[in-house]
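The structure appears right after this line, and notes come after that.
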Amino acid sequence: MRLGAHVSASGGVDKAIDRAQEMGAETIQMFASSPRAWAFRPVSEDHASEFRRKSQEAGVAPTFLHGSYLVNVGGNPDLVRKSIDSLSAHMNAAGQIGARGVIFHGGSHKGVGFDGVLDQAVSALQEVLSNTPEEVALIIENSAGMGSHIGASFGEIGRLIDAIGSPRVMVCLDTEHCFAAGYNLADPEGIDVAMDEFDREIGLAKLVAVHANDAKVELGSGIDRHENIGEGFIGIKGFEVIIGHSAFRDVPFVLEVPGPDKKGPDKENLDRLKAIRTGLGIPA
């Protein structure tokens, strides 16, 4: 089990490895371009080469890119077209730097229901896969269930993956999103029920990353609000349950918490996860 965090790639993607080492991250996620803009800033080959060298020397792996927050495969045709182009650019950048894949949010069905957008979402994501390197995974993240967001249930994600029909489509499980969607991962019985459903609907072999976030909101709230580890409704005891569960034993954990100064994941939050891992006797 490797533990890490979302880190900044400001100044060049290779700088993300420097920041990972400063906090002791063993695995990382980053943005290759602004997550709040459609325009994609290409990664220079010099920065990509330095990233590959530094990550190998530092032993920071696997690495993930996070797609734009604007992506919505359930939107209107213009929005879907932009989403395809954005995801394709990120997937190609992931191949350039040797990342495991691109984690993305499916977006919203805008009230028409999951069935109403399933075909267009499948077609869009199949096009992304056809445009991008075979070794790069397209990684769907579960949603918190807010509004009309796609993929709050494991059943929806499983149906989407089955319809796409590609072994390259994987899943990132966000602990806060799960909790907000009503999956009680903080409880020993609740996590067994949840992960049995995940295995049945999706398959545990598809789980390639965990976003480790405490919850600022109560179970089943449907609201996406991350909290620092141990300071929310999941709590330290809840993360002991999560990290100790067999479904996550070989899955990298990536922090997306606000941090004490609202500047994102920090060494203190990462050290909390490491202390839990150590206390449970799980090898680093």
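Values computed for the structure shown
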| read-out | value |
| --- | --- |
| Segment 241-276: trypsin sites (Lys or Arg not before Pro) in DSSP coil with no more than 13 other Cβ atoms inside 10 Å | R249, K262, K263 |
| The chain - percent relative contact order, Cα under 8 Å, separation 6 or more | 17 percent |
| Among 253-260, 49-56, the order from most to least packed when residues are scored by Cβ within 10 Å on average | 253-260, 49-56 |
| Bridge type composition, the chain - antiparallel percent by DSSP, nearest 5 | 10 percent |
| Backbone HN-Hα couplings from phi across segment 9-14 [Karplus 6.51/-1.76/1.60, Hz, Gly and Pro as x] | 10, 4, x, x, 4, 5 |
| Dipole in debye (nearest 20) - the chain, about Cα centre, beta carbon charges: Lys, Arg +1; Asp, Glu -1 | 580 debye |
| Fully extended contour minus Cα-Cα distance, from D261 to E135, at 0.36 nm per residue | 41.7 nm |
| Rounded to whole Hz, the Karplus (6.51, -1.76, 1.60) HN-Hα couplings of segment 196-207, x for glycine and proline | 5, 5, 4, 5, 5, 8, 10, x, 4, 5, 7, 7 |
| Placed amide H near D174: partners under 5 Å, 5+ positions off or other chain | N142, H211 |
| Options [x] 19.8; [y] 24.1; [z] 18.7 - which one matches Kirkwood radius over Cα pairs in Å as calculated here | [z] |
| Distance in nm between pseudo-label sites at Y69 and E201 (7 Å out along the Cβ direction from Cα) | 2.5 nm |
| Whole-Hz ³J(HN,Hα) from phi, Karplus 6.51 cos²θ - 1.76 cosθ + 1.60, for segment 129-139, glycine and proline x | 5, 5, 9, 10, x, 4, 7, 9, 8, 9, 10 |
| Signed unit charges on C-beta, dipole axis of segment 157-284, positive-most listed residue P258, I157, V169 | V169 |
| Contour minus Cα-Cα distance for S166 and D18 (0.36 nm per residue) | 49.9 nm |
| Segment 58-118-segment 255-284 distance, computed between alpha-carbon centres (Å) | 26 Å |
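A short reminder: the numbers here are calculations on the coordinates, not readings from a lab. Since this is a predicted model, take the numbers as computed values, not measurements. For neighbour counting, all protein chains shown are included, and Cβ atoms are generated from backbone atoms with ideal geometry for every residue, glycine included.
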